[in-house]
1. Quickly rank 483-493, 445-455 as a protection proxy: mean count of other C-beta atoms within 10 Å, highest first.
2. So for the stretch 432-486, what are the equivalent ellipsoid semi-axes in whole Å, largest first, each being the square root of 5 times an eigenvalue of the Cα gyration tensor?
3. In the stretch 26-89, what GluC sites (Glu not before Pro) fall in a loop by DSSP, with at most 16 other Cβ atoms inside 10 Å?
4. Need the list of aspartates and glutamates near Lys336 for cross-linking: C-alpha distance under 16 angstrom, and skip anything on the same chain fewer than eight residues off.
5. Which of the lysines could be linked to Lys180 by a straight reach, that is with a Cα gap under 19 Å, when you skip same-chain ones fewer than 8 residues away?
6. Starting from the Cα of Arg495, step 7 Å along the direction of its Cβ; do the same at Lys342; then give the gap between the two resulting points in nm.
7. At a Cα cut-off below 21 Å, give the lysines reachable from Lys94, other chains included and same-chain residues fewer than 8 away excluded.
8. Loop-only check: which chymotrypsin sites (Phe, Trp or Tyr not before Pro) in the stretch 176-224 are DSSP coil with at most 14 other Cβ within 10 angstrom?
Amino acid sequence: MAKIRLFTTSILFFLSFFLFSQERQHVGNLMDIAIKAKIKKFKENTNFDKAQMFFRQGIWDSTLVYSMKEMSNTKNKELTDYCHYFRGISFKEKKLFNESKKEFNEISNNFQFFYKVKIKLGEIALGQNEFENALQYFEEIEKLPNVSNYDLKKSNVLHNIGLCYLHLKKFDKAEEYLFKSTKLQETEKDTLMLIGSYMDIATLYYEQYKDNQAIPYFEKAYHLSKKAKSFELRRTATKNMAVVEENRKNFPLALAYRKEYEKWKDSLNDQNKVWAIADLEKKFAVKQKQKEVNILEAENKVKAAERNGLLFSSVLLLILFGTGVYFYRQKIKNNKIILAQKNELDELNATKDKLFSIVSHDLRSSVNALKISNTKLIENLETKNFDELDVLLHNNSTIANGAYNLLDNLLNWALLQTKQTYFFQESLHLATIVQHVEYNYKPLMLNKNINYENRVSKTDYVFADLDSLKIIIRNLLDNAIKFSKENGTISIYTRTSSDDFCYLVIEDTGLGMSASTQEELLKETVLLSKKKNDDAIGTGLGMQLCKSLIHKNGGKLEIESEENVGTKIIIVLQKFKDHG
């Protein structure tokens, strides 16, 4: 069970971070009431008012600016404590934990919400692996009388204590507190926290090699995660179940979990893109606020300049001149941007027109072939010629698959050209990727009685993007099947590789190609090619897509072929050297 223990141990940091995020989303009713009372009491302190407003909105940079201005202008210890608290939370949210600790340590013991300060210091210590220190802070909170009267969740405190003991290998204590927190969370119906607690309890038992006790909690976490809106929790729970079933040797069920994990991974990638856009919008808003601050400062300078008429006139002339220069430069800049956009649009339109022309021709050919085949199908259906019906149905399936692959390649090529694809290079186990792709093509090879052989080395890891590598292998394997004869042979294997590159070979005993055709296929050009074989007409879009994706992954494509003998397509990919 070594594999699953390594994964579940890595979950601990994620869950700790999850608890922090739950805590920070809850400012608290008592603190809200107290802050509103301070605003009424100190109406003249505008900087404090702005600091608390940005704090409640989660705009941390502006919170830091106005809380610092308030501290520099006031000697009121009560307001100073609130400003230090605002700054401590802001630095914590920005992952500047040492600065956050400094701010929290500046708060006096008389602060009304000093217990919240201890909770935050405990969370920071837990995140920095200072488990003894974190435990002291959380145990102080646990000892508070009538915890329900405070602005906090007891289940969170108990859970954090359990995590500290788990990290400290004090399993009995960890078990006691994790079960206490779980019981409260079940009463509170806190689904997100329950999922984390179940996985922490599973980790606790795995640390002690109590697999039979751990697995039911992984299963509980998995089933409960289906009710949660957190893609990260769903993904983690599903991957745990996949590894559990692999260790049980239940490979069909493990594969189902793996596929579900990939689905949540894709959903998480989409969600991360949304969050990235939101982060950009947030940064833009901060810049706008900074511009407002700059404008206010400029207004103050103008008011000071009004005391001297001559100076005011000079400043006014300079401002008018500077404004004219600024707008002139902006106009030039905007014109350049518009021209660049126009050129780019012209290129895209030209590419679009070419694609429409080629793809519409090939789709028309496929649809026409399908119409003719269906006419024959109806005729043979009337005469009950079942042998011919079987041939026609297989022919229809081949045409439909070809049209589908054409549209799929068209979509991927368009996304690549418009730079909308998600691209992330990582360490990939080459043999596993090949197995995933070949699974969908074995029925096609069986229909043509093609003998298939996979000899990909189990030790090779490549540095590439997962989705693009699957597209490359899928297209080249599809071509090998398309151009192979009945009872032919297709082999996928790795050649002896260099220190920097891995060579994946897809070999078939099909039609082969001439030297001129090979040279045409390997040209560095965006122009599409047409194959000359009437039985296998295509746009060449799949090969063009493969070349582009291989180049984007830092590799190259090589071809060895002889007409009527067969073809070897060699994909050269970067090795992942640091894989242990």
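Each value in this text was obtained by applying a stated rule to the coordinates, not by laboratory testing. In this text the structure is predicted, and so the values were computed from the model without any measurement. Note that each Cβ is placed from the backbone with ideal geometry, even for glycine, and that neighbours are counted across all protein chains shown.
1. Averaged packing, sorted descending, gives the order 483-493, 445-455.
2. Taking √(5λ) for each eigenvalue gives 22, 13, 9 Å, largest first.
3. Answer by residue number: Glu44.
4. Glu344, Asp346
5. In chain and number order, the partners are Lys143, Lys153, Lys154, Lys169, Lys170, Lys189, Lys220.
6. About 5.0 nm separates the two model spin labels.
7. Candidates past the 8-residue exclusion: Lys50, Lys69, Lys102, Lys116, Lys118, Lys120, Lys273, Lys282, Lys283, Lys287, Lys289.
8. Here the sparse-neighbourhood loop sites are Tyr209.
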